[in-house]
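To start, the structure under review is shown below, and the notes come after it.
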Amino acid sequence: TECGLEPKVEQELRYGDDMSEYYYAETYLSAGYQVTDWFKPVIGFAQIYERSNTARYQESGEAYSQKSDHYWKQQENPRLDLFFSAKLKDWGLEDRVRLEYRNKDDAANYMRYRNRIRVKSPWEWTAVKLNPYVAWEMNYEDDSDKDASDRLNRHRLYAGVGAKLGKQWKAGAYYMYEDNKKAGEWTSLNAIGCELGATF
């Protein structure tokens, strides 16, 4: 908008377990303000559902029977994002610093710091302006239930493409490789995701 205010709604879906299982849905409502060409703060709220492959049981007479082989964990995350951007020979450089309060339904709440560095190519293909990018992200969690060595516990690598669907709509798809640390052990995840966003 003319005043620089950018209300936005975004929807993100992910498929994991070697890209075979739908496991993550996020709806993000936010409002940003373009202070300068290189700096934009954003405040927002995310509603997240994440699949947990843990069996659920129900009482059946004097015993219990399995109700399902999974359930959906819920999170409500207020966020503050700080975007820093620059151009280098038509390549776009973006550093997103995110602070979020993780309000989880199955664990204690805590703050998480995330830093994502993204490099956008100068190429735009077809009428929807397909634009490839790569990104790296790390997480640090201020969670008192975790050992200090487990708080820097996630790294992500992305390769994706964005598209412009008219003046207000944007879409994208990406591949994500993720390393997670828990109890001193690292595990990996391969996922694909899709995004759709509208700016008002």
Legend entry - Accessible area in square angstrom per residue, the chain, 1.4 angstrom probe: 61 Å²
Legend entry - At most 13 other Cβ within 10 Å, DSSP loop - trypsin sites (Lys or Arg not before Pro), the range 92-155: LYS129
Legend entry - Contact order normalised by residue count of the chain, Cα under 8 Å, 6+ apart, percent: 17 percent
Legend entry - Within the range 74-100, backbone nitrogen closer than 13 Å to the virtual label 7 Å beyond the Cα of ILE43 toward Cβ: 78-81
Inset, instruction - Can you send over the carbon and sulfur percentage of the accessible area for the chain, probe radius 1.4 Å, protein chains only? - result: 56 percent
Legend entry - Neighbour count of at most 16 Cβ within 10 Å plus DSSP loop: longest GluC sites (Glu not before Pro)-free window in the chain: 125-200
Inset, instruction - Search the structure for amide H atoms under 5 Å from the amide H of ASP17, placed 1.01 Å from N in the peptide plane, and list their residues when 5 or more places away or on another chain. - result: ASN190
Legend entry - Distance from the range 9-27 to the range 75-127 (C-alpha centre basis), Å: 17 Å
Legend entry - Which labelled figure in [x] 9, 31, 31, 17, 8, 3, 0; [y] 8, 28, 37, 18, 6, 2, 1, 0; [z] 9, 37, 38, 15, 2, 0 is P(r) over Cα pairs in 10 Å bins from 0, in percent, once derived from the coordinates: [y]
Legend entry - Phi-based couplings in Hz for the range 121-138 (Karplus 6.51, -1.76, 1.60; Gly and Pro marked x): 6, x, 8, 9, 10, 6, 5, 8, 6, 4, 10, x, 8, 10, 8, 10, 9, 10
Legend entry - Net length gained if the chain between ASN180 and GLU59 were fully extended (0.36 nm per residue, minus Cα distance): 40.1 nm
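The values are calculated or read from the model by the stated rules, or taken from the named source; none is laboratory data. What you see is a predicted model, and the numbers here were worked out from it, not measured in a lab. FYI the Cβ positions are ideal-geometry reconstructions off the backbone, even for glycines, and counts take in every protein chain you see. The accessibility values were calculated without ligands, DNA or RNA, using every heavy atom of the protein model including side chains. Shrake-Rupley method; radii C 1.70, N 1.55, O 1.52, S 1.80 Å.
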